[in-house]
Amino acid sequence: MTALAQRFTHRQYLIFLIALIGVVRILTFAFVLPLDNENLDNLWVALPESVVAGEGYQGCDPNYFFTCTEPQPTAAREPGNVLFYALLFKVFGQEIGVIFIAQVLLDMLTGWFAYQIARRIFQPKWIGLAVVAVWAVYLPAISVTGQYYWSPLATMFMGLFVLSLVWALERRDSYRRILLSGVAFGLLCLTRTPNEFSIMLLIPALLLARRSGWTQRLLYAGAFTAAFVVMLSPWVIRNYIEFKAFIPTTTLNGYNIFRHTQVIEEPDTLWYGNVPDSIIKLQERAGDRLYVGMSEVELNNIFMDEGLKIIAKYPDRYLQLSLSRVADGWFNIRPAQFYEQNILATAFTIIVNGVLWLFAIPALFITLERWLERGWPLLLMLLFSTVIYLPVSIQMHYLIPVAPFLFMFAAYGWHVIRQSRHLWSQSTAVSTS
């Protein structure tokens, strides 16, 4: 009876915290932050509108592809969020309030996924509740809920993928579970394509995770890969038909490389100077190769080519710039634009994420062997998501999808420290007596 009461009480806490996620976000945008109902000309809005109107997956955003003069086939945005918004536009109309409520529900679902992951890997049970509580009040995640943006859906799919993979690892003879995990990974990649590159780490990890002959290991990893490829195939095939090129991600890779790398041509830009306009800079460097109406792929290739030339010319500055992005990603510190930042928001981020990492380190390294057998997907995605953006560009909201994993390690690290202090106190008392 006591155990039943404890489970019921624990469930009540969970329900309360899941509800708190929604309440905090609603109150924040009711009284503190405005809903983003003005920035309606970006592709996150234009593409869903085009799909709903029956005009296809096309748009024209001169902020990225300045040579376009009218809507054209595009692969600048991942299809996951575009189709999600298109569905909401189709059913409810283009209302930011509807988008906001939908993304609040996504955040609540993310909290539930995070709890399920934590309770399968970490003990005691309160760690899962602590993760949900932090997620409920985590300001970077709250701030994007009222915007047209990819983060809430991608974070939910990240939680679904890791939960499904942890679930699959509980029964490594179940091909159904690993297939479902591959499907979830495909959905994640269709919402945030940089995650595709983690397949290079996931496949070796899956091969090592299964304790059987190599034939069974290859079949196990192959089932995951096959499900992922099937999910990604419609996007890749569509892009090949439109652009006659293999595009598994988006057509913004070259743009991002050039835009966020060309600053290293400017002396001391990393620390002091303003960032030159990337479009003007490209026109100066490649004017004779540019023409009105060129396709996204052509322009993206020029961006990539010029960006790689700059990197080859200043490899030391590029390395310095890439390493400095760690501070931007987790602590919102941008040396070159520090004077433009909201100091209070930056201070909040430094304190909160600094404390989280301080407690996460013991869980990540000191107690590695205790949870690594089942918990490696958390560590892999946390570290991968940090590293993959460093060569190109990183902002704090890029790391929101893996923030719940940091919360888990931090909560467990707090538990390890408390437990160690208790054992130390006991051993001291025994030695004294």
_Residue in region 62-75 that is farthest from the chain's Cα centre (by Cα), counting only those that are surrounded by fewer than 20 Cβ atoms within 10 Å (Cβ to Cβ) and within 21 Å of residue 248 (Cα to Cα)_ = 72
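Evaluate region 308-318: report whether one residue or more is among the β-branched types (Val, Ile, Thr) and at pLDDT 85 or above.
Yes: one or more hits.
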*Quick check: is even one residue across region 43-61 among the polar types (S, T, N, Q) and surrounded by 15 or more Cβ atoms within 10 Å (Cβ to Cβ)?*
yes
_Extreme residue, modelled with the highest pLDDT, among residues of region 13-57 that are part of a helix (DSSP H, G or I) and of a type in the set (D, E, K, R)_ = 25
*May I ask you to verify whether residue 49 is touching a residue at least 24 places away in the same chain (Cβ under 8 Å) and touching a Ser or Thr at 6+ places or on another chain (Cβ under 9 Å)?*
no
*Identify, by number, the condition in (1) modelled with pLDDT of 85 or more; (2) over 20 Å from residue 193 (Cα atoms); (3) of a type outside the set (Gly, Ala, Ser) that residue 418 doesn't meet.*
(1)
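Filter region 143-177 for residues that are farther than 30 Å from residue 94 by Cβ and of a type in the set (S, T, N, Q); which is modelled with the lowest pLDDT?
174
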_From 338, 359, residue being modelled with pLDDT under 75 and in a helix (DSSP H, G or I)_ = 338
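The values are calculated or read from the model by the stated rules, or taken from the named source; none is laboratory data. Owing to the predicted nature of the structure, the values given are computational and were not obtained by experimental measurement. For neighbour counting, all protein chains shown are included, and Cβ atoms are generated from backbone atoms with ideal geometry for every residue, glycine included.
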